[in-house]
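Participant: Before I ask anything, here is the structure I am working with.
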Amino acid sequence: MSMTQDRQLVDIAVAELMISSEKVAHVQLNNPLEHALLVLVKSGYSAVPVLDATYKLAGIIGKTVILNQILGLERFEIEKLSEMRVQEIMQHDVTTISKENNLLDGLNAIIDNNFICVVDEEGYFDGILTRRAILKQLKKEIYSSKQYLK
Ligand code: AMP
C-alpha cells in the first residue's frame, strides 16, 4: 500500500469500526454453562465475551469448549450444564485492543481471532472488533483507491 493509503488506515480508529458493548451478546462469570450454551445457540455465535459483575472483561467462552466439557466417555453428561459455571472453563487469556487504537492495529490483532474485545485502560468492556468489520473497511479503502482498480 502507498504511504498515503497507510496514513489513511492509521487514521481510522477502532471506535469507528467496533460493535459497542450494548449490542454485544455476553455472559457473566458465574452463569451456569447451560445459560452460556443457550446464548451461543440462540445468537448463532461461536463464542462470546465473559464479563464480571462490574462489566470488566474476564474472558471468552465458546460452544466447542462447552461441548467438550460435557462430553463423557459414553454420553453427553448433560447434568454438568447446570453444575458448572462459565468461569471454570472459559478462556482467560484473551487478546484485547482499545478504542483509540487504529485499523492497522486491529488488522494485526484479528489475524488469529474471529473477533477481539475492546476494553478501556481499567479493563472495562467497550465492545468487540470483528474480522468482518476490518475486512469491510479494507474493501472500502481498496475500492476508493484508484491505484488498485486500474
Ligand atoms: P462476524 O465477523 O460478524 O461473523 O463475527 C465474528 C464473531 O464475533 C462471531 O462468531 C461472534 O463470536 C462474535 N460476534 C459478532 N457479533 C457479535 C455480537 N453482536 N455479540 C456477541 N458476539 C458477536
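Participant: Need the failing condition index for K136 against (1) at positive phi; (2) within 16 Å of the ligand (Cβ to nearest atom), just the number.
Facilitator: Exception for K136: condition (1).
Yes/no matrix, rows are residues, columns are (1) within 15 Å of the ligand (Cβ to nearest atom); (2) under 21 Å from E83 (Cβ atoms); (3) modelled with pLDDT under 95; (4) buried (at least 16 other Cβ atoms within 10 Å of the Cβ):
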position	(1), (2), (3), (4)
K23	yes, no, no, no
H26	yes, no, no, yes
A36	yes, yes, no, yes
A47	yes, no, no, yes
L51	yes, no, no, yes
Y55	yes, no, no, no
I61	yes, yes, no, yes
N68	no, yes, no, no
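Participant: Which of the following residues is free of Cβ contacts under 8 Å to residues at least 24 places away in the same chain and closer than 25 Å to N30 by Cα: L81, L71, L51?
Facilitator: Residue meeting the stated conditions: L71.
Participant: Name every residue in segment 94-118 that is over 11 Å from the mean Cα position of the chain (by Cα) and touching a residue at least 24 places away in the same chain (Cβ under 8 Å), in order of residue number.
Facilitator: S98, K99, E100, N101, N102, L103, L104, D105, G106, L107
Participant: Just to check your reading of the model, which residue among L17, L40, L9 is away from the ligand (no atom under 15 Å from the Cβ) and open to solvent by less than 30 Å² (accessible area, probe 1.4 Å)?
Facilitator: L9
Participant: Here's another thing I want to ask about it. Would you point out the residue of segment 102-123, among those that are open to solvent by less than 80 Å² (accessible area, probe 1.4 Å) and not aliphatic (A, V, I, L, M), that is farthest from A58 (Cα to Cα)?
Facilitator: N102
The values are calculated or read from the model by the stated rules, or taken from the named source; none is laboratory data. These figures come from a predicted structure and were not determined experimentally. A quick note on method: Cβ atoms are made from the backbone with ideal geometry, for glycine too, and the neighbour counts reach across all protein chains shown. What goes into the accessible areas is simple: the full protein's heavy atoms, side chains included, and nothing from ligands, DNA or RNA. Shrake-Rupley method; radii C 1.70, N 1.55, O 1.52, S 1.80 Å.
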